[in-house]
1. Just for helices (runs of 4 or more DSSP H) wholly inside the range A:144-257: which have at least 2 residues that are at pLDDT below 95?
2. Being closer than 29 Å to A:Thr220 by Cα, open to solvent by less than 10 Å² (accessible area, probe 1.4 Å), away from every other protein chain (no Cβ under 14 Å) and touching a strand residue (DSSP E or B) at 6+ places or on another chain (Cβ under 6 Å) is the requirement here; does B:Phe30 meet it?
3. What are the residue pairs meeting all of these: first residue in the range A:258-273, first residue more than 10 Å from A:Ser167 (Cβ to Cβ) and within 14 Å of chain B (Cβ to nearest Cβ), second residue open to solvent by 10 Å² or more (accessible area, probe 1.4 Å) and among the hydroxyl-bearing types (Ser, Thr, Tyr), Cβ atoms under 9 Å, and 6 or more apart or on different chains?
4. For the range B:138-156, check the following and say yes or no: at least one residue is small (Gly, Ala, Ser), open to solvent by 10 Å² or more (accessible area, probe 1.4 Å) and in contact (Cβ under 8 Å) with a residue 12 or more places away in the chain.
5. Does any residue in the range A:171-187 that is surrounded by 17 or more Cβ atoms within 10 Å (Cβ to Cβ) come within less than 9 Å, Cβ to Cβ, of a residue that is assigned to a helix (DSSP H, G or I) and among the acidic types (Asp, Glu) six or more places away or on a different chain, and which pairs are these?
6. Tell me, yes or no, whether the range B:5-15 has at least one residue that is of a type in the set (Ser, Thr, Tyr) and over 19 Å from the mean Cα position of the chain (by Cα).
7. Among A:Ser112, A:Ser165, which is the only one that is polar (S, T, N, Q) and open to solvent by 10 Å² or more (accessible area, probe 1.4 Å)?
8. So which residues in the range A:265-276 are open to solvent by 10 Å² or more (accessible area, probe 1.4 Å) and either touching a strand residue (DSSP E or B) at 6+ places or on another chain (Cβ under 7 Å) or more than 18 Å from A:Gly148 (Cα to Cα) (or both)?
Protein chains: 2
Amino acid sequence: MKTLSENRAFGGVQGVYSHRSSACACDMTFGLFLPAQAEDGPVPLLWFLSGLTCTHENAMVKAGAQRWAAEAGIALVFPDTSPRGEGVANDPDFALGQGAGFYVNATQAPWSPHFRMWDYVTDELPRLLFNAFPLAEDVQGITGHSMGGHGALTIAMSFPGRFRSVSAFAPICNPVASDWGRLQFSAYLGNDETTWVAHDATLLTKKRGFDGPMLVDQGTADQFLDKLRPEALAEAMAAARQGGTFRMQKGYDHSYFFVSTFMEDHVSFHAEAFMA
Amino acid sequence: MKTLSENRAFGGVQGVYSHRSSACACDMTFGLFLPAQAEDGPVPLLWFLSGLTCTHENAMVKAGAQRWAAEAGIALVFPDTSPRGEGVANDPDFALGQGAGFYVNATQAPWSPHFRMWDYVTDELPRLLFNAFPLAEDVQGITGHSMGGHGALTIAMSFPGRFRSVSAFAPICNPVASDWGRLQFSAYLGNDETTWVAHDATLLTKKRGFDGPMLVDQGTADQFLDKLRPEALAEAMAAARQGGTFRMQKGYDHSYFFVSTFMEDHVSFHAEAFMA
């Protein structure tokens, strides 16, 4: 693992590291914020999965999460959103290929050799993190924005017991019924739609849900509401009696101004779950 | 004036606007955050002047100021750092030309037709802002980072009574004795160094100071300490009996991680001065 940068921030350290990924068969970069409390022993870990076009950097510099994580003594990890580099397949559409891994393991050409973000985020990166940094593996939460909200919800529901809490900012809620989902699942997973259902937060909520607190924020002025389909997840949460809070935030759009506005609430939400 | 974007943020609105500038003889862009309180009447205004290479956008998306301004009911303005566009002079050195206006009125070719950031920030932009937005002209403060800290300090000291409070993050403290200063003053103002002294915070502190509270934060791990010369300003503040606080922050560097870490303190500092 290589240290690309370390900056003191809010009494802790915001680091950026790269490493060879066997899951993605390329070098991968991630950001990790360690609060001051990590000097004294393992601290809880909150995952932040980012959206389309993002790298590890966007949320790290724009979401304002470190302030609240520092106060609560929580580490933050910001993974990249896809494999990258020469020899890694790509597409001119910003919603496919590099920057758009969609947190699945691709089974189709030309994506399958590198686009294994599900394995990367759920297996390889956690093992690396818990080996290398003072992080409490038994105290984890997960959140994300847009495509990353989709990732957070589907991963949380697929690993019962791993995460104490899950939240999402404007997640892609129902990708099997959206242009943000059908395009990518067709490309990465192929045309057999039965392989898609494991990656749809709405369907997973109906099927098994999440055993812990769940928080979703969605702006009412979001320019991508038709692609996100919040109504599908809200309905599923209520119908499946999934414990949780779904908030429609009046006037907010899809930007990081929306994410940063509600970041304090989300970090507090996870911090409370970590102490329960 | 053209609205380039408006995003709801922290209960208020983060806007980006452009307008024809007569001071700079080009179109200029700025960011303005209006807190929710501005819906009910004029609110105080805190200026944030940015550093080398920045546009209006860097601090707007990375400094995390809106959270604290929203709480205190304060507006934030983020001006650009130089004139820009075709026909505007530039230089391959990032520290000169576009992105490096240094908050002076250039008198020398090729800079003098456009590089009039002193007039822009102290005269043209304030008149535009107070005409167009619900801002309380009698309740202003000013801050900035690096080159913008230099701008904030020199402007505050040059307009007695205009600003209630001044602060700076890692300011260029003594440009007449620094590579970040001599290069730009030679280019913009010419070789007569008597014209430079009006733009040096250390010299101005010794000459007349600032009649109000002053706060300066400087990281001890800043990679540009030799160019910023904090020791010159710290000495001048003490020698001139300038009221204020100069803090050396252990382990922090020159990045926005440093700025965002101490932003809460700076906004609170100005908010307190606004209520005095």
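The values are calculated or read from the model by the stated rules, or taken from the named source; none is laboratory data. Keep in mind that this is a model prediction, so the values were computed, not measured. Cβ: placed from backbone, ideal geometry, glycine included. Neighbour counts: every protein chain shown. Surface areas here come from the heavy atoms of the whole protein model, side chains and all, with no ligands, DNA or RNA. Shrake-Rupley method; radii C 1.70, N 1.55, O 1.52, S 1.80 Å.
1. Helices (runs of 4 or more DSSP H) meeting the threshold: A:230-239.
2. yes
3. Pairs found: A:Phe258/A:Tyr252; A:Thr261/A:Tyr252.
4. No - not one qualifying residue is present in the range B:138-156.
5. Once the first residue is surrounded by 17 or more Cβ atoms within 10 Å (Cβ to Cβ) and sits in the range A:171-187, its partners that are assigned to a helix (DSSP H, G or I) and among the acidic types (Asp, Glu) give A:Cys173/A:Glu231; A:Asn174/A:Glu231; A:Ser178/A:Asp226; A:Phe185/A:Glu193.
6. Scanning the range B:5-15, I find at least one residue that is of a type in the set (Ser, Thr, Tyr) and over 19 Å from the mean Cα position of the chain (by Cα), so the answer is yes.
7. A:Ser112
8. Within the range A:265-276, A:Ser268, A:Phe269, A:Ala271, A:Glu272, A:Ala273, A:Phe274, A:Met275, A:Ala276 meet the criteria.
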